[in-house]
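**Q** Structure below; questions to follow.
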Amino acid sequence: MLDDDRSVGQGSQMVTVYIIVVTVIAFILQRMHPELTDLLAMHSTEVRSGEVWRLASYMLMHDPTSIFHILFNMYVLFLFGRMVEARMGSRRYFGLYIFSGLVASFCWLIFNWELPNGMIGASGAVMGVMAAAGIFFPDQRVMLIIPPIPMKLRTMVICIIIAELFFEVSRSQTGVAHLAHLGGIFGAVVYLLAFYRRTISAKAVQLQRGQEYRRRSTPPEIMHRCEVCGATEKSLPNATFRVCSQCTGAKEYCDQHLPTHDHH
């Protein structure tokens, strides 16, 4: 779930609702007419035969044998889609969703062109929306479901990208189109760079300046250390540390060992 953040816009959020409603209706029709899945799902063989509508229609299809596939996708879309739509406006937001889904399908198709594999689900488009949320609201804090750990949106998106790359390279999680997920994220980045380059650049500069400010304003943990006993201002908060003028280098000693140490 999202923590409150006044930076989240309050504009129209109806496109997100429409997408969810249409996708749920398509899922119901899938359950009633199983042949609909074969007609609209992504299949490389059919796309090579000219059925190019599958490049987009696969987003409406989900696993008809389980409700968890569509439930998870629509929950994530509802969670992040509303804030992104309020920020971008309905028209550009819908373009983001479709473009991310199309790039996801192309990325998957490139690596499965000669294989008789299939793909269904709006995960690629949803990943694109989530990536856009991480770009527009990088410091927005979210609470993960599994594991229940709070983190910033920027951090969550980076972790998801790393996980998707790991699962794709290692092939340790089969049956999931990780290439499509990564393609959706890539598509969102390209789309946002096309329309919001200045905004993204400004946020990058703001982030860099914030990190530099924190680095400069954060004092070092330990400023003084005795050369003899190793005591610091933390271990001996009431001690006085001085530099010995007779020793080589700026060597410090606590008030106990300053008069008794060997000069070197």
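**Q** Using a 1.4 angstrom probe and counting only protein chains, how large is the accessible area of Thr232 in Å², to 10?
**A** Only protein atoms counted, so the area is about 10 Å².
**Q** Mean separation of Cα pairs under 8 Å and 6+ residues apart, divided by the residue count of region 122-196: what relative contact order is that in percent?
**A** That works out to 43 percent.
**Q** Between 0 and 90 degrees, rounded to the nearest ten: what's the tilt of helix 178-195 against the longest Cα principal axis of the chain?
**A** Here the helix axis deviates by roughly 80 degrees.
**Q** Tally Lys and Arg at +1 and Asp and Glu at -1 over the other residues with C-beta under 13 Å from the C-beta of Tyr191: what net charge comes out?
**A** +3
**Q** If I take all pairs of Cα atoms in region 91-203, what percentage of them are more than 21 Å from each other?
**A** 39
**Q** If you don't mind, there's one more thing I want to ask. Tell me the net charge near Ser123. Cut-off is 14 Å between Cβ atoms, Ser123 excluded, with +1 for each Lys or Arg and -1 for each Asp or Glu.
**A** Within the 14 Å Cβ shell, the charges total -3.
**Q** Still on this structure: Within 10 Å of each candidate Cβ there may be at most 15 other Cβ atoms; applying that plus a DSSP loop requirement, which GluC sites (Glu not before Pro) in region 17-94 survive?
**A** Within region 17-94, the qualifying GluC sites (Glu not before Pro) (loop, at most 15 other Cβ atoms within 10 Å) are Glu51.
**Q** Moving on. What share of Cα pairs, in percent, lie more than 16 angstrom apart in region 54-101?
**A** 48
**Q** List the longest stretch of the chain that has no exposed loop site; here a site is one of the chymotrypsin sites (Phe, Trp or Tyr not before Pro) assigned by DSSP to anything other than H, G, I, E or B, with at most 16 other Cβ within 10 Å.
**A** 114-264
**Q** Might you tell me the accessible area per residue for region 34-118, computed with a 1.4 Å probe and given in Å²?
**A** Per-residue value: 50 Å².
**Q** Any chance you could list P(r) for region 7-119, counting all Cα-Cα pairs in 5 angstrom bins from zero, rounded to whole %?
**A** 2, 12, 19, 20, 19, 15, 8, 3, 1, 0
**Q** Here is a follow-up. Have a look at Ile200, Ile185, Ile135 and tell me which one the Gaussian network model of the chain (Cα, springs below 10 Å) gives the largest fluctuation.
**A** Of Ile200, Ile185, Ile135, the Gaussian network model singles out Ile200 as fluctuating most.
**Q** Just the number, please: carbon plus sulfur as a percent of the accessible area of the chain, 1.4 Å probe, no ligands or DNA/RNA counted.
**A** Accessible surface attributable to carbon and sulfur in the chain totals 62 percent.
**Q** For the chain, with a Gaussian network of springs between Cα atoms less than 10 Å apart, report the residue from Gly89, Gly175, Gly183 with the top mean-square fluctuation.
**A** Among Gly89, Gly175, Gly183, the largest GNM mean-square fluctuation belongs to Gly175.
**Q** Ser49 to Ile158: extension gain in nm, 0.36 nm per residue of separation minus the Cα-Cα distance?
**A** My answer for the length gained is 35.5 nm.
**Q** Just need the relative contact order of the chain here, percent rounded to a whole number, with Cα pairs under 8 Å and 6+ apart.
**A** 18 percent.
**Q** Could I ask something else about it? How much of the calculated P(r) for the chain lies past 35 Å, in percent of all Cα pairs?
**A** Everything past 35 Å amounts to 36 percent.
**Q** Can you check what the net charge comes to around Ala41, using other residues whose Cβ is under 13 Å from the Cβ of Ala41 (Lys, Arg +1; Asp, Glu -1)?
**A** So the environment of Ala41 carries a net charge of -4.
**Q** Figure the gain on full extension for Cys247 and Lys234 (residue separation times 0.36 nm, minus the Cα-Cα span) and round it to one decimal in nm.
**A** 2.3 nm
**Q** Could you work out the helix-only [θ] at 222 nm for the chain, with each DSSP H run of four or more residues adding -39,500 (n - 2.57) and the total divided by the number of residues, to the nearest 500 deg cm²/dmol?
**A** Only helices count here, giving -18500 deg cm²/dmol.
The values are calculated or read from the model by the stated rules, or taken from the named source; none is laboratory data. Because the structure is predicted, anything quoted here is derived from the model rather than measured. Cβ atoms come from the backbone with ideal geometry, glycine included; neighbour counts cover every protein chain shown. These area figures cover heavy atoms from the full protein model, side chains too; ligands, DNA and RNA do not enter into them. Shrake-Rupley method; radii C 1.70, N 1.55, O 1.52, S 1.80 Å.
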